[in-house]
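The values are calculated or read from the model by the stated rules, or taken from the named source; none is laboratory data. Everything numeric in this text was worked out from a predicted model, so none of it was measured. In this analysis, Cβ positions are derived from the backbone assuming ideal geometry, glycine residues included, and neighbour counts consider all displayed protein chains. Protein only, heavy atoms only, side chains kept; ligands, DNA and RNA dropped before computing areas. Shrake-Rupley method; radii C 1.70, N 1.55, O 1.52, S 1.80 Å.
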Amino acid sequence: LDAFLYPRLGPGQLWDAAADRLADDGVVPELNTRVVKLGFDGETWTVYLDTGETVTADAVFSTMPLRQLVDALDPAPPRAIRTMAAALHHRSLITVAVALRTHLDVPYNWVYTPSKKLRVGRIQNYTRWSNYLVPKDWQGTYLGLEYYTEPGGELYGTDDEELKAIARQDLMTLGIDESDIERMMVERM
């Protein structure tokens, strides 16, 4: 096959399909709930949620960063494992979605921006991924400006308006006039 088959509505469809498959097997995922501890007695997992609830299971599927997973285990793994996990780093992703009134003929799905003049790390061109990722009959350009940060890092706690201002500055540095911006939204992952 000489084509990249991207999910029509984006990568979230993969997680939705996984959740549907789990539900078909009688497993209901707990979404938007933080796990604070994972207990294991040799047979059964006890999952402690930030809501104060607990859930028991015979298996756990985790999407938390590996370092946080190791820290949450009870009993704690051996010191060598905890030390290795503590050395791991992950980054958070903040996307500023930008609708531009003008159609830009950007021939790439994404462009990395390794410049000291820009804070954005990568720019996604949603139309190149799938026409379903942009509003119907949209004639402009729909971009996703991706900003990388570590938890607790400089951008991590930045409010949406300041993130939009950073994105505007990056767009102006790239030669896009601020008056061309139709709309902006912020998504944190």
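The table for this structure:
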{"read-out": "Filter pass, Gly42 being free of Cβ contacts under 8 Å to residues at least 12 places away in the same chain, small (Gly, Ala, Ser), more than 30 Å from Leu143 (Cβ to Cβ) and open to solvent by 60 Å² or more (accessible area, probe 1.4 Å)", "value": "no"}
{"read-out": "Residues that are surrounded by fewer than 13 Cβ atoms within 10 Å (Cβ to Cβ) and touching a residue at least 60 places away in the same chain (Cβ under 8 Å), drawn from region 6-16", "value": "Arg8, Leu9"}
{"read-out": "Whichever residue in region 138-188 is part of a loop (DSSP other than H, G, I, E, B), open to solvent by 50 Å² or more (accessible area, probe 1.4 Å) and closer than 25 Å to His103 by Cβ and, among such residues, is modelled with the lowest pLDDT", "value": "Trp138"}
{"read-out": "Subset of region 46-84 [in a strand (DSSP E or B) and surrounded by 15 or more Cβ atoms within 10 Å (Cβ to Cβ)]", "value": "Thr46, Val47, Tyr48, Leu73"}
{"read-out": "Residue list for region 118-137, filter: assigned to a loop (DSSP other than H, G, I, E, B) and either in contact with a helix residue (DSSP H, G or I) (Cβ under 7 Å, 6 or more places away or on another chain) or more than 12 Å from Val96 (Cα to Cα) (or both)", "value": "Leu118, Arg119, Val120, Ser130, Val134, Pro135, Lys136, Asp137"}
{"read-out": "Some residue of region 26-34 being in contact with a helix residue (DSSP H, G or I) (Cβ under 8 Å, 6 or more places away or on another chain), under 30 Å from Gln124 (Cα atoms) and not polar (S, T, N, Q)", "value": "yes"}
{"read-out": "Residue list for region 17-39, filter: of a type in the set (D, E, K, R) and surrounded by 13 or more Cβ atoms within 10 Å (Cβ to Cβ)", "value": "Lys37"}
